[in-house]
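J.: First the structure, then my questions, so here it is.
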Amino acid sequence: MNATNSEAPRGRGLSLLSGGLDSTLAICVLRAQGLHIEAVVFESPFFTSRPARKAAALLDVRLHVVDFSHEIVGLVQHPPHGFGGAMNPCVDCHAAMIQRAGVLMEELGFDFLATGEVLNQRPMSQNRRSLQIVQQDCGYADRLVRPLCAQHLEPTEPERRGIVDRTRLLALHGRSRQAQMALAKEYGIREYPSPAGGCLLTETGFCRRIQDLMAREGMADLRLVRLLRTGRHLRLPGGGKCIVGRNRADNETLAAAATDGDALVWSVNVPGPTLLLPGSAGDYDLALACGICAAYADKRTDAAGTLVGVQRSGVVQERVAAPVARERFEAWIL
Ligand code: SF4
């Protein structure tokens with residue numbers, strides 16, 4: 001599949017790769033006309049680069065990974081063009097990604113950018129108006145090629161200059177995936193993730209956690225933003241935040257994330273969760289967290305309560321905690 005990259009290329013393109021079928025096909029379509037293509041992916045607390053890494057390995061294309069955390073956190077707080085169905089600022093997110101990719105394109109000496117967008121495939125982010133907004137806002141409108149739907153759009157600079165052969169670009173549009181499936185077969189692509197999914201900002205349950213964080217601690221501390229995807233999140237009656245590990249991986253993540261300013265609670269003698277209370281936890285909330293730890297921990301029939309370890313302000317103590325009733329603390333889960 002990488003044979004075309006070894007021939008003398010007519011031009012060099014940097015293509016945004018999510019790991020989904022469309023962005024994978026965009027690379028195939030450009031490579032099929034002898035262009036040298038490298039890929040770029042963005043990662044943040046809300047989406048990972050894993051699918052793109054997998055797709056890049058299958059395509060044998062060089063992948064540039066860009067940390068997009070600051071940009072996306074800013075857009076979640078102030079999305080100029082609004083949200084999709086949840087807290088996903090897709091139009092602005094696309095524009096900002098293309099803008100960052102454009103800077104990289106110039107730094108690395110590429111001729112053009114490319115994306116796998118398909119006109120009218122997604123109601124919010126891929127209608128003609130959204131594509132135009134992205135083009136205006138990204139600052140690289142005339143160097144952005146959309147190989148899968150280019151025939152429906154005005155020719156861009158690399159097409160006008162003949163770097164990209166426009167006649168070999170496609171005219172896909174709409175929500176049907178039939179044409180993409182046929183192309184995937186043609187290019188020998190067998191594995192790809194489903195088109196939806198992968199971005200936590202589209203999940204309403206996850207967005208409750210974001211809204212709570214925005215309203216209380218704020219979004220400035222990226223450590224807290226990253227922890228939104230770990231464990232169960234509770235807002236305790238004293239106002240403190242409490243994250244409860246659901247499994248060993250969560251527990252290890254929470255323990256590793258704790259700083260001297262946080263409180264950490266864990267079960268000492270029996271398997272149970274680790275709980276992180278970021279910031280200065282009050283005595284009332286800390287006592288409740290110990291009781292929640294006891295409620296989730298395995299029970300010992302000979303014990304009056306559960307022995308829990310508590311670390312706060314660098315001091316470690318042990319205490320016996322009686323479990324808090326589940327129906328009480330389940331109301332605090334975000
Ligand atoms: S789904 Fe998420 S990652 Fe994709 S454009 Fe929308 S906000 Fe950005």
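J.: If you check Q180, Q135, which single one turns out to be away from the ligand (no atom under 16 Å from the Cβ) and more than 30 Å from S280 (Cβ to Cβ)? Show your work before the answer.
T.: Working: Q135 fails: away from the ligand (no atom under 16 Å from the Cβ).
It is Q180.
J.: Quick one: count up the residues across region 115-137 that are hydrophobic (A, V, I, L, M, F, W, C) and over 20 Å from the mean Cα position of the chain (by Cα).
T.: First, the residues of region 115-137 that are hydrophobic (A, V, I, L, M, F, W, C): 118-119, 124, 131, 133-134.
Those left that are additionally over 20 Å from the mean Cα position of the chain (by Cα): 118-119, 131, 133.
Looking only at that region, the number is 4.
J.: State all residues of region 202-216 that are more than 16 Å from the ligand (Cβ to nearest atom) and among the basic types (K, R); if no residue qualifies, say none.
T.: Listed by number, the residues that qualify are R208, R216.
J.: Another question, if that's okay. Criterion first (under 22 Å from E203 (Cβ atoms), assigned by TED's automatic domain parsing to the domain that holds S176, within 10 Å of the ligand (Cβ to nearest atom) and at pLDDT 95 or above) does P79 satisfy it?
T.: Working: under 22 Å from E203 (Cβ atoms): yes; assigned by TED's automatic domain parsing to the domain that holds S176: yes; within 10 Å of the ligand (Cβ to nearest atom): yes; at pLDDT 95 or above: yes.
Yes.
J.: Can I ask one more? Could you tell me whether region 231-250 includes any residue that is farther than 24 Å from P45 by Cα, aliphatic (A, V, I, L, M) and part of a loop (DSSP other than H, G, I, E, B)?
T.: No, region 231-250 contains no residue that is farther than 24 Å from P45 by Cα, aliphatic (A, V, I, L, M) and part of a loop (DSSP other than H, G, I, E, B).
J.: Do any residues in region 36-56 that are over 17 Å from D22 (Cβ atoms) have Cβ atoms under 7 Å from those of residues that are within 11 Å of the ligand (Cβ to nearest atom) and in a helix (DSSP H, G or I), where the two are at least six apart or on different chains, and which pairs are they?
T.: Close Cβ pairs satisfying both conditions: S44/I72; F46/I72; F46/L200; F46/L201.
J.: Need at least 3 residues that are outside the structural domain of T24 (by TED's automatic domain parsing) and of a type outside the set (D, E) per element, so show me which helices (runs of 4 or more DSSP H) inside region 155-223 make the cut, counting only ones lying wholly within it. If you could, list the steps in order and put the result at the bottom.
T.: Working: elements: 157-160, 178-186, 204-215.
In region 155-223, 204-215 are the helices (runs of 4 or more DSSP H) which contain 3 or more residues that are outside the structural domain of T24 (by TED's automatic domain parsing) and of a type outside the set (D, E).
J.: Output the helices (runs of 4 or more DSSP H) that fall wholly within region 1-91 and possess 3 or more residues being buried (at least 17 other Cβ atoms within 10 Å of the Cβ) and either in contact with a helix residue (DSSP H, G or I) (Cβ under 9 Å, 6 or more places away or on another chain) or among the hydroxyl-bearing types (S, T, Y) (or both), or say none.
T.: Numbers: elements: 3-6, 21-31, 50-59, 69-77.
Once the helices (runs of 4 or more DSSP H) in region 1-91 are filtered for at least 3 residues that are buried (at least 17 other Cβ atoms within 10 Å of the Cβ) and either in contact with a helix residue (DSSP H, G or I) (Cβ under 9 Å, 6 or more places away or on another chain) or among the hydroxyl-bearing types (S, T, Y) (or both), what remains is 21-31, 50-59, 69-77.
J.: Within region 107-116, does at least one residue satisfy the condition of being assigned to a helix (DSSP H, G or I) and at pLDDT below 95?
T.: no
J.: If you don't mind, another one. Of all residues in region 82-100, how many are more than 10 Å from the ligand (Cβ to nearest atom) and either closer than 19 Å to G116 by Cβ or not assigned by TED's automatic domain parsing to the domain that holds E117 (or both)?
T.: Number satisfying all stated conditions: 3.
J.: While we're here: Answer yes if at least one residue in region 175-193 is within 16 Å of the chain's Cα centre (by Cα) and in contact (Cβ under 8 Å) with a residue 40 or more places away in the chain, and no otherwise.
T.: Within region 175-193, the first condition is being within 16 Å of the chain's Cα centre (by Cα), and the residues that meet it are 193.
In the following step, the residues that additionally are in contact (Cβ under 8 Å) with a residue 40 or more places away in the chain were identified as 193.
Within region 175-193, one or more residues are within 16 Å of the chain's Cα centre (by Cα) and in contact (Cβ under 8 Å) with a residue 40 or more places away in the chain.
J.: Any residue in region 298-315 that is within 12 Å of V270 (Cα to Cα), exposed (fewer than 15 other Cβ atoms within 10 Å of the Cβ) and acidic (D, E)?
T.: yes
J.: Name, by its number, the condition in (1) at pLDDT 95 or above; (2) closer than 20 Å to D22 by Cα; (3) surrounded by fewer than 16 Cβ atoms within 10 Å (Cβ to Cβ) that does not hold for R223.
T.: (2)
The values are calculated or read from the model by the stated rules, or taken from the named source; none is laboratory data. Quick caveat, the model's predicted, so the values are computed rather than measured. Cβ atoms come from the backbone with ideal geometry, glycine included; neighbour counts cover every protein chain shown.
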